[in-house]
1. Looking only at segment 169-187, count every residue that is surrounded by fewer than 16 Cβ atoms within 10 Å (Cβ to Cβ) and either touching a residue at least 24 places away in the same chain (Cβ under 8 Å) or in contact with a strand residue (DSSP E or B) (Cβ under 6 Å, 6 or more places away or on another chain) (or both) and tell me the total.
2. Residues that are in contact with a strand residue (DSSP E or B) (Cβ under 9 Å, 6 or more places away or on another chain), modelled with pLDDT of 95 or more and farther than 21 Å from Pro217 by Cα: does segment 148-155 have at least one?
3. Identify, from the list Gly110, Gly56, Gly125, the residue that is part of a loop (DSSP other than H, G, I, E, B) and surrounded by 21 or more Cβ atoms within 10 Å (Cβ to Cβ).
4. Scan segment 209-222 residue by residue and report those that are within 18 Å of the chain's Cα centre (by Cα) and of a type in the set (A, V, I, L, M, F, W, C).
5. Can you tell me which residue within segment 82-107, out of those that are surrounded by fewer than 21 Cβ atoms within 10 Å (Cβ to Cβ) and of a type in the set (Gly, Ala, Ser), is farthest from Lys162 (Cα to Cα)?
6. Would you be able to say whether some residue in segment 265-281 is touching an Asp or Glu at 6+ places or on another chain (Cβ under 6 Å), over 25 Å from Val142 (Cβ atoms), in a helix (DSSP H, G or I) and in contact (Cβ under 8 Å) with a residue 24 or more places away in the chain?
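The values are calculated or read from the model by the stated rules, or taken from the named source; none is laboratory data. Just so you know, these numbers come straight off a predicted model, no measurement behind them. Here the Cβ positions follow ideal geometry from the backbone for every residue, glycine too, while neighbour counts run over all protein chains shown.
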Amino acid sequence: MPMKEIVRELQGKAANLALRMPISWVNILAGPPVTIDGRTLDGRTQWFLKLLARSGQPPMHHLSVADARADIDAYLPLLSGRAAPVGEIVDRTIAGPGGRLRVRLYRPAGTVARLLPAILYFHGGGWVAGSLEAYDLICRYVCARAGCAVVAVDYRLAPEHKFPAAIDDAVAAFRWLSAGAVNLGIDPARVVVAGDSAGATIATVLARLVRDDARPPCLQWLFYPATDLGLDSASYKSCGEGFMLTRAEVEWSRGHYLDSLDEVADPRVSPLRADDLAGMAPALVYTAGFDPLRDEGKAYADRLTAAGVKTIYREFESLIHGFVSMRGALQAGARAMDEMVAGLRHELAQLGR
């Protein structure tokens, strides 16, 4: 193992031990509570951010694309908790608009259902980073706890493949899954489109683009989606620095993803700007209180509701962007994940009633 990787692993283990200290110690070491916009930051999350600041890790927008990808692939598995038991994991490729497209299929252990509901999952990473490997533990957890098959999509990344490559890959993956669902042991009437951050944006854009298909998605499951790349919401001002995701990092990602800022107005880039959101699948939308994407996520949930789309919105007000990837390090993140999975299971159980 290269020395750089050994150091990263040791740093990750040390941080995890520090985060598991008694909360009374954490509250002393983390400093006075941080309150913004009437929300108080979770104590362990505050301590995590302090540890991160002390680590000397450069922010993503100061890195090359290759280094940013390597960092995400190295750190997410350290923060994502133990591997949940699943029954089967299969890697395969499918036909995509730009060539063969990797997907990874997870099946829960011990299932007796002939046809399972499935979650078509798009990872985060600002359209520039993230991978099947970085999100493996997250997908295992979702598969095991939700009792669903999970199909993770390795969509094309910018800047090598700029907008709309990721969207085109998402549409191709959904239609492949819909057409071949039964052969994969999946119920074509119960396909959920899901993702976190940029992946949530991809998922909801996909849901709109295929809403008139013979078998559209049954649900949208969205974790802190980016819904307007204009970056002008109030939470960008109050939470745009110091809480993991920064305005500078979003600008860095946007610059790699788009050819021109004129594309910001395209609803496939900024789904909040779509003229018509009617007829989309019901949505579960989750945001974090200390996240620059918070307000646009709430605005999007409100737009969906106004368009007649059944929408359940929940803000985890004490958490930061990326908490889905921090289940192993942040207890509040783990509780949030449990709640989101419970919400999904409930909504799936209501289908057809």
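1. 2
2. No.
3. Gly125
4. Filtering segment 209-222 for residues within 18 Å of the chain's Cα centre (by Cα) gives 217, 219-222.
If the condition is that a residue be within 18 Å of the chain's Cα centre (by Cα) and of a type in the set (A, V, I, L, M, F, W, C), then Leu219, Trp221, Leu222 are the ones that fit.
5. The residue in question is Gly87.
6. Yes, some residue in segment 265-281 is touching an Asp or Glu at 6+ places or on another chain (Cβ under 6 Å), over 25 Å from Val142 (Cβ atoms), in a helix (DSSP H, G or I) and in contact (Cβ under 8 Å) with a residue 24 or more places away in the chain.
Residue-wise test of (1) under 26 Å from Ala189 (Cα atoms); (2) among the hydrophobic types (A, V, I, L, M, F, W, C); (3) at pLDDT 95 or above; (4) not in a strand (DSSP E or B).
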residue: Thr287; (1), (2), (3), (4): no, no, yes, no
residue: Gly297; (1), (2), (3), (4): no, no, yes, yes
residue: Ile312; (1), (2), (3), (4): yes, yes, yes, no
residue: Asp338; (1), (2), (3), (4): yes, no, yes, yes
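Per-residue answers, yes or no, for (1) of a type outside the set (A, V, I, L, M, F, W, C); (2) modelled with pLDDT of 70 or more; (3) under 25 Å from Gly126 (Cα atoms); (4) in contact with a helix residue (DSSP H, G or I) (Cβ under 9 Å, 6 or more places away or on another chain):
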{"site": "Val7", "(1), (2), (3), (4)": "no, no, no, no"}
{"site": "Val34", "(1), (2), (3), (4)": "no, yes, no, yes"}
{"site": "Pro59", "(1), (2), (3), (4)": "yes, yes, yes, yes"}
{"site": "Val65", "(1), (2), (3), (4)": "no, yes, yes, yes"}
{"site": "Ala74", "(1), (2), (3), (4)": "no, yes, yes, yes"}
{"site": "Gly96", "(1), (2), (3), (4)": "yes, yes, yes, yes"}
